[in-house]
1. How long are the semi-axes of the equivalent ellipsoid of region 181-246, taking √(5λ) for every eigenvalue λ of the Cα gyration tensor, in whole Å from largest down?
2. Given Q157, S79, G241, which one lies farthest toward the positive end of the charge dipole of the chain, if we put +1 on the Cβ of every Lys and Arg and -1 on the Cβ of every Asp and Glu?
3. Going by alpha carbons, how many degrees (0 to 90, nearest 10) lie between the helix axis of 384-402 and the longest principal axis of the chain?
4. Can you give the FRET efficiency to the nearest 0.05 for D223 and T93, using r as the Cβ-Cβ distance and R₀ = 51 Å?
5. Pick from A94, A390, A309 the residue whose mean-square fluctuation is largest in a GNM of the chain, springs joining Cα atoms under 10 Å.
6. Determine how large the accessible area of H355 is when every protein chain is in place; take a 1.4 Å probe and give Å² rounded to the nearest 10.
7. Be a star and scan region 223-249 for residues whose amide nitrogen sits under 19 Å from the point 7 Å along the Cα-to-Cβ vector of E359.
8. Using a cut-off of 15 Å between alpha-carbon atoms, which aspartates and glutamates can reach K196, once sequence neighbours fewer than 8 places away in the same chain are excluded?
Amino acid sequence: MLKVASFGKLLLSFLVLLSFSLSFYADRTEAAYSFQAKVNADVLNVRSQPGTAYSIVGKLKQGQVVTVYEQKNGWSRISYGSLKGWVASQYITATTWTGYVTATNLNFRSAPGGSILGSLPKGTAVKVYGADGSWLKVYASTLNKTGWVSSSYITKQKPATTVTKVVLKVNTNIRKGPSTSYPILYTEKAGTFMEKLGVSNGWVKVKSPGGVVGWVYGPLVRDPNTVLKGKVIVLDPGHGGYDSGTMGKTYLEKTLTLRTALELKPLLENAGAKVILTRSSDTYLSLTQRVNISNNYKAHAFISLHYNAYSSTSSGVMTFYYSSSKDAPLAGSIQSSLAASTQLRNMGSKYGNYHVVRENKQPAALVELGFLSNPTEEKLVATTTYQKKAAKGIYNGLFRYFLTR
Ligand SMILES: [Zn+2]
């Protein structure tokens, strides 16, 4: 008798344990496709099973938010705190939630298990507003359709969009496979950002901006985040104080050069560069003082910013260097990126005998950012849009210059 009782107890505790672990498992799987809904009746009966014939296990009030796990035949299986059961679906209003596709291509169907209307690629966001067993009713904005998908491939967690990029240091052959024995698909330009897909034997699998997938030799690419990191860059807003520089109808050169420097500084700093301004307010500095700052900081690059004056019809941007070995590569890189970004006439990079470049021990360039003597160009260069384009152009030029340095 004692033995039997113990066995019974053992069996009972085993069953309790079993049902507990089953319900725990069920809750875990349900979490993926449950959704919230609000009670829209004054009082709503919660029943043990889906049907008015079943017993009432609890009551809900208007506005209470329940979790819905399953919907069928006009009934919803819900929980509210520890209260679990079934309610008539018409008395609850679904609160939608956003889900994300985890399958490579998820079938999008007309009904639970119904015909395929289309497919949703991995990472697609959908609005979930209903469930039926293991199926979710979703709205996919990419298809502009409402349909059903399997709940197994929908997660509430927003996928991390970790696209890693590499930048090409030089013009680079993109090959079909990871060695020179594979054919060349095409040649991509230096400075192009490519999506990094993988690595094999020192070769990097990449995807071009145009969508071509191929391989590049590892030493020819670089992590773009490292290019400007730690570079010491001195920005020299030309003129200042009693030296106004050239004058347009409205603007003084010294004001615009400072604006450009202050626009450019955060771009470079966000890329990890250390930026020093020769002046950050309307103050006078001699040319020698400006050069000294560059030399003292051992700048990796010194850029003097200026606006030009000649005739009322002159137009364009240009960059000066002094030394063809020390300065010309920097000036050339800045000039081509600046012209591309501003879309002003490209007057090229040229030799110029300017004190701040000539006396500089560090790579230096002097940039002319447009003509204040031309009233149309004066108006243009004073706009925030132009200032941002000019700053981005110089930034791009510095980025390309440091790509191989
Ligand atoms: Zn000037």
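The values are calculated or read from the model by the stated rules, or taken from the named source; none is laboratory data. In this text, all values refer to a predicted model and were calculated from it rather than measured experimentally. As a convention, Cβ positions derive from the backbone with ideal geometry for all residues, glycine included, and neighbour counts pool all protein chains shown. With ligands, DNA and RNA removed, areas are computed over all heavy atoms of the protein, side chains included. Shrake-Rupley method; radii C 1.70, N 1.55, O 1.52, S 1.80 Å.
1. They are 41, 14, 9 Å, listed largest first.
2. S79
3. Helix 384-402 and the main axis of the chain meet at about 90 degrees.
4. According to the calculation, E is roughly 0.55.
5. Of A94, A390, A309, the most mobile in the Gaussian network model is A94.
6. The accessible area of H355 comes to roughly 50 Å².
7. 234-245, by backbone N distance to the label point.
8. Qualifying aspartates and glutamates at Cα under 15 Å: E188, D223.
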